[in-house]
Every structure is written in C-alpha cells, then in structure tokens.
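Asker: I'd like to ask some things about the structure below.
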Amino acid sequence: MEKKEILAKVNEIGKDVFEDENLNLTETTVAKDVKNWDSLTHLSLINEIENNFKIKLQMREIQGAKNVGELVDFIYDHLKGEN
Amino acid sequence: MYTFMQLKKATLTTLTSREIRLVVLSNVSTQFFSSALQGYAKLQNINLNILDTDYNQIDFQLTDINSETYKFSPDYILLYISTEKLYEEFLDTNINERQNFADSTIERIKNYWHYINENTNARIIQLNFTEINDNALGNFSNKVDTSFVYQIRKLNYLLNESISQNNAVYPLDLLSVQLQLGASNFFDPVLYYSSKMAISINSLPYVAKSITDVLLSLNGQFKKCVILDLDNTLWGGTVGDLGPFGIEIGELGRGHAFTDFQRWLKQLKDYGIILAVCSKNNEDAAKEPFIKLPDMVLKLSDISVFVANWEDKASNIRLIQETLNIGFDSMVFIDDNPFERNLVKSMIPEITVPELPEDPALYLSYLQNLNLFEVASVSKENASRTKQYQEEFERKKTETLFTSIDDYLKSLEMSCIVEPFNEKNYPRIAQLTQRSNQFNLRTIRYTESEIESIAKDNNYLTLTFSLHDKFGDYGLISVIILEKVNDTTLFINTWLMSCRVLKRGVEEFIINKVINTAKENSFTIINAEYIPTAKNAMVKDIYKNFDFTETSENHYTITTDSYSQKENFIKEE
C-alpha cells in the first residue's frame, strides 16, 4: 500500500474518531490542529488504525509520532514487515 | 458484537426512560470502560448515567462522606479492581508476607462494601479478578502459596464466598469474559503502559454486555421459559421416521452432543426456567422417546407444556404463552430449522430466537456464550413450578365440566395463608418484585436486603398471600407493602400478584384483607397509585373497580368505612 493510500485511509478513520466529516489530514497535520484530538481520542484512533490495517503499533510509535506524516510512515513500515 | 466506536457514539443517545445512576470505582483508568458500558446500556434502552471517577481514588471516594461518589446519589456502585494493578502491589510486598495477599485483599474489599452500605442504598456490582500467570515458578506455582497464581485464584474463591453472604452485592464475572476472549486479546500491554487501561479496547464491548446483562436482570428483564423443538434439536434424526429407538441420543457418536445439551437444559429447569416443547409431530410419537428411552436426560415431568401437532409454530407458541401467562419477551425459542425460526421471529418479534449453528456439536457452547439466562436471584420455590403448570392443565380440564364460573371456583376449595414478611420468605418476595411485570401496580423492584429492612421498619405493614387448592400448592403468590403516611392514612406502596392465579377471586380476597388490616391498625384512609409501564395495563382500572375514588390521574383513595367486602370463595387459614 502506498503512503498516499494509507493517509487517505487514516483520514477516513479520523473522521469517525474525531467526529468531523470534513476532516482533512495532511502529512504535516499535528494533534493540536484537529478539534477533539486529545490523549483519549488518540488511543481510540490508534486502536482503529490497528484494527483496520491489522498491525500492532509499538509504544514509542504511539507516543512519539510528531505529525500525521510520521504516523503514516510507521504504518507503512509495519505493512512492509520491517518492524 | 458492537465495536467500541459504535458504543462510543451510542453514549450520545437520548432516552426518556428513568435514569439509572452508576459510579465506576477502579484502581486503573476507566474512561473507555465507562463509555463502552454507557453506550451498550443505552442500546439496550437503559438510560444509564455514569460517574467515572479518577483511577486509584477508591479509598478516598468511599471514606469521605462528601465525595463525588456519594453526592452523585448512585443506584449502583461498580467496583473494578484490576488484577494488573494488584499484581504490582503483590510484587511490592515482601515475599514472606505474600501468602496473606488474598486474605488481606478480601478484607479490603469487604471494607469497601461496608462503607457503601453505611453511606448509600446503592447496590454494589463487584467485578471478580482476571488471571495473570507470571510463571514465576512455572507449574510449580500451584503448590506454593507465595505465588501470584496461587493467591489470585484463592482471592476469586474468597470473593465468591463473601458475595454469597452479602445481599447488597452482585457479582460480575470478568474472569469469564477473559476466558471467552483469551488472555492475550483481553489485555493490551501497550495500552496499559501508555494509559493505565487494563482491558483492551476491542474487549470492552464484551465486558459492557456482561455488565448490562446484570443491570437488565436487576431491572426485572430476564428469561423465564425455553420452548424447544424436538427432531434434530433435542435429539438427532426424525422420530416420526426412525421410531424412538432409531434417534441419536446417549453417550455415543452425535448422540453425545444432544445428551449434553439436555443436561444443560435440565439444569436450567432446576433453577426455575420453564421448559416447553413445540414440535411438528404426532403427539404420541413425540412423547415416545421421553417415555421409552432411559438415555433421555429430560423426562416428561420436566416439561411444563408439551405441544406436538401439525399447526404452525407461531400459533402453538401463542398457545404456550397463554397457558404460562408470561410475556413473549421472557421466552426463548430453540429450533434447528431456519424456516421455523424465521416464521416465529416474524410473527412474534418480542421472542428471542437464537440462530442455532448448523452442527449440533456447537449448540451448547453457542447458547452458553449468549448468556441468555442472567438472573438477580434464585429461590427454592422454583423447583416446584413445573408441577404447578401441570396442575394448571388439570384445572383447565376440570373448568370445562362446570357451567358457572362460581361453581367451578367453589369446587377448587381454595384457601390462603396470610402473613407478614418474614425471614423465610424474603428471597421469594424479592424475586416476585423483580419478576412480576403484568399484575404489578407500581413495579418497584426490591432486593432481598431492602425487603428485610422494610419488614423490620415500623413505618410499613406488610402482607404475603400463599394459596392452595385441591389440585396443589401455588406457593406465595401476592405481596402487599403498606406505607404509613400519617396516623390515619396508609399508602399502597406495592401490590403485585402472580398472573397464574388471576380471575379466581384472589384480587377480591386481597383487597378485603388490605382494608381489614388497615382497620385493625386504626387507619381510616388508604391511598393508592397505578404507575403505567409497557406491561401492566391489565391492572390499570383495578382500584376503580374496587370502589376507590380517582383523585388525580392514576392516584386513588378510599375510606375504610365506605368499603363493602367483595365476594370470593377463598378461605383464610
């Protein structure tokens, strides 16, 4: 799966989790740009990502992604089996 | 099963039903736990309002009388002590003291219950302990009382023992949910270490279901009857084709699966679930296996209503419902045939129809996992109910012999024992307040401990009615709670009656007794109220029919000296 596709899928998941139909995540989006993105919804987002992509993110990835682009990179690596 | 996201969205649903208030107390973070529970409850039409307290606040919340827990005035307090956190405390204990861990933890929990009982009327929902095997000594841990495996299992045992001795505490079997889902699915270490939540998000809907099942049963919504198909449901093969000795039952081959299914049904019956049969068969052929095969675990005497004919099953189930006089929503219909299931489901939407797996080997585990038979109490009277329903058939047969209903009622030679609440009948009274939906004027549910305190409170007069006739014993069939309003006035706080004894003059007998009890205790006015529910329309006008005056909508009053005794054919013993 290409990073672009992953980003689109994460955006769809985000719409549901952050309850915002107009959500438009980009690689440079950070949590504070998004309404409802707090520490709790973050965990819920991660869980939905894990369910959807059938991967398990590591603790440092969950806590350490500095923007959406990096989160997409982590997902990409997992899907490629590099982690 | 719902997903966590679906449950989270459902928390925003607005319901108009009475609000139920619940406090979650835990030693771990419970924000998601509480959202899942609230969402699941709302999807089951329970208007649940949750106060989710911060983690590790249990001691403070319960010992401080001004805490947010007590200010919330909860109907329920849920105590969830996570094993993960306990395990950390366990390892922080000196190894020489670890053999006391279960004992000291149970004392701590009993102390929590004590504070709750002292400061509120809330019912307690106590979660039991999931297991962690840290393999400190491998299998040998089970031989060493300082190991965690040893202590956590002991703790669960001590917890059951303590809960069984405390009427205000209801168990929630979290361990069973862990077993059902598997320990590695149930616990998500990443989530735990990043948020102190000890149940994985994907497991929360199952936990929420389990708790909601308990709330529903405490609210009087539970199953009372299982209606069973015969061919390929209770045994393998078609008895009409194969004859009684050709069907599959016993310990061999496929028969074993059916036998175990029957063993489980027999246990349900022993706990008070009514078993009925609804089969497309000739009646004689259908009964033959029950009579001729020793391998049949279920006997004819276990079946309260046996219907075997060639009518459609929906009509037959209506017939069963009329005989038993219970709501369709308290019935479960089990049939291997998808056609029959769909027919019944579409004709009688309230009835529960499990989608039985195709393979009989899976029937039992499938039905067990559905957890259809959650109850809030068990009483010994249950055991005699099958006999009562069979006696009811005898009565129905006799009924047709008489031309007038009065002659028939006289011939029954009914007599009634009237007594106040006492220790012997607390469980049965509590059970009736939880079970009765139709003949129940105010539908107030009471626990055993609440019944006990009413019995001992001078502000109440209580009456129970136990009926029998020449065909047999009905047991305790009606409950009255009279509340003293002032020196002259009583209020009928509770009047409920088992529908099995309707239209036999029992209502008349009871209301006479209520008026007489008031007079004997020098009260002159009796006030009453009817609170409408979806199920109790049958008693809507009962006070009016007994000469009470309606003072405002659903509120009634009568003076004892204006009342004239109503005729009936029941003798007081």
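The values are calculated or read from the model by the stated rules, or taken from the named source; none is laboratory data. Keep in mind the model is a prediction, meaning the values are calculated, not measured. Don't worry about glycine lacking a Cβ; one is built from the backbone with ideal geometry, like all the others, and counts go over all protein chains shown. All accessible areas refer to the heavy atoms of the entire protein, side chains included, with ligands and DNA or RNA removed. Shrake-Rupley method; radii C 1.70, N 1.55, O 1.52, S 1.80 Å.
Asker: Check B:L324, B:L300, B:L293 and return the single one that is in contact with a Pro (Cβ under 7 Å, 6 or more places away or on another chain) and open to solvent by less than 70 Å² (accessible area, probe 1.4 Å).
Answerer: Just one listed residue meets the conditions, B:L293.
Each row is one residue, and each column tells you yes or no for (1) at pLDDT 95 or above; (2) surrounded by fewer than 16 Cβ atoms within 10 Å (Cβ to Cβ).
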{"residue": "B:I152", "(1), (2)": "yes, no"}
{"residue": "B:Y157", "(1), (2)": "yes, yes"}
{"residue": "B:V177", "(1), (2)": "yes, no"}
{"residue": "B:G220", "(1), (2)": "no, no"}
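Asker: Another question, if that's okay. Listed residues B:F509, B:F523, B:F465; which is among the aromatic types (F, W, Y) and assigned to a loop (DSSP other than H, G, I, E, B)?
Answerer: B:F523
Asker: Mind checking whether some residue in segment B:190-208 is touching a strand residue (DSSP E or B) at 6+ places or on another chain (Cβ under 9 Å) and within 27 Å of B:K387 (Cα to Cα)?
Answerer: no
Asker: Starting from segment A:1-28, take each residue that is more than 21 Å from A:K80 (Cβ to Cβ) and list its partners that are among the acidic types (D, E) and open to solvent by 60 Å² or more (accessible area, probe 1.4 Å), counting only C-beta distances under 7 angstrom and pairs at least six apart or across chains.
Answerer: A:K15/A:E21
Asker: Inspect segment B:408-417 for any residue being in contact with a Phe, Trp or Tyr (Cβ under 7 Å, 6 or more places away or on another chain) and under 19 Å from B:V539 (Cβ atoms) and give the result as yes or no.
Answerer: No: segment B:408-417 contains no residue that is in contact with a Phe, Trp or Tyr (Cβ under 7 Å, 6 or more places away or on another chain) and under 19 Å from B:V539 (Cβ atoms).
Asker: Hey, any hits in segment A:28-38 for a residue that's at pLDDT below 95, part of a helix (DSSP H, G or I), surrounded by 13 or more Cβ atoms within 10 Å (Cβ to Cβ) and at the interface with chain B (Cβ under 9 Å from one of its Cβ atoms)?
Answerer: No: zero hits.
Asker: Of all residues being touching a residue at least 40 places away in the same chain (Cβ under 8 Å) and part of a helix (DSSP H, G or I) in segment B:491-506, which is farthest from B:T386 (Cα to Cα)? Just the residue, please.
Answerer: The residue in question is B:V506.
Asker: Quick one: how many residues across segment B:427-451 are in contact with an Asp or Glu (Cβ under 8 Å, 6 or more places away or on another chain), in a helix (DSSP H, G or I) and open to solvent by 20 Å² or more (accessible area, probe 1.4 Å)?
Answerer: Adding up the residues that qualify gives 2.
Asker: Please work out if A:D16 is of a type in the set (D, E, K, R), surrounded by 15 or more Cβ atoms within 10 Å (Cβ to Cβ) and either at pLDDT 95 or above or not in a loop (DSSP other than H, G, I, E, B) (or both).
Answerer: Yes, satisfied.
Asker: Would you point out which residue out of B:S330, B:S384 is closer than 30 Å to B:T447 by Cα and modelled with pLDDT under 90?
Answerer: Details: B:S330 fails: modelled with pLDDT under 90.
When all the criteria are applied, what remains is B:S384.
Asker: In segment B:537-563, which residues are closer than 26 Å to B:D469 by Cβ and either in contact (Cβ under 8 Å) with a residue 12 or more places away in the chain or touching a strand residue (DSSP E or B) at 6+ places or on another chain (Cβ under 9 Å) (or both)?
Answerer: B:M538, B:V539, B:I542, B:F546
Asker: Just need a number here: residues in segment A:39-63 that are more than 10 Å from chain B (Cβ to nearest Cβ) and open to solvent by less than 80 Å² (accessible area, probe 1.4 Å).
Answerer: 5
Asker: Can you tell me which of (1) in contact with an Asp or Glu (Cβ under 6 Å, 6 or more places away or on another chain); (2) open to solvent by 10 Å² or more (accessible area, probe 1.4 Å) is the one B:D335 doesn't meet?
Answerer: (2)
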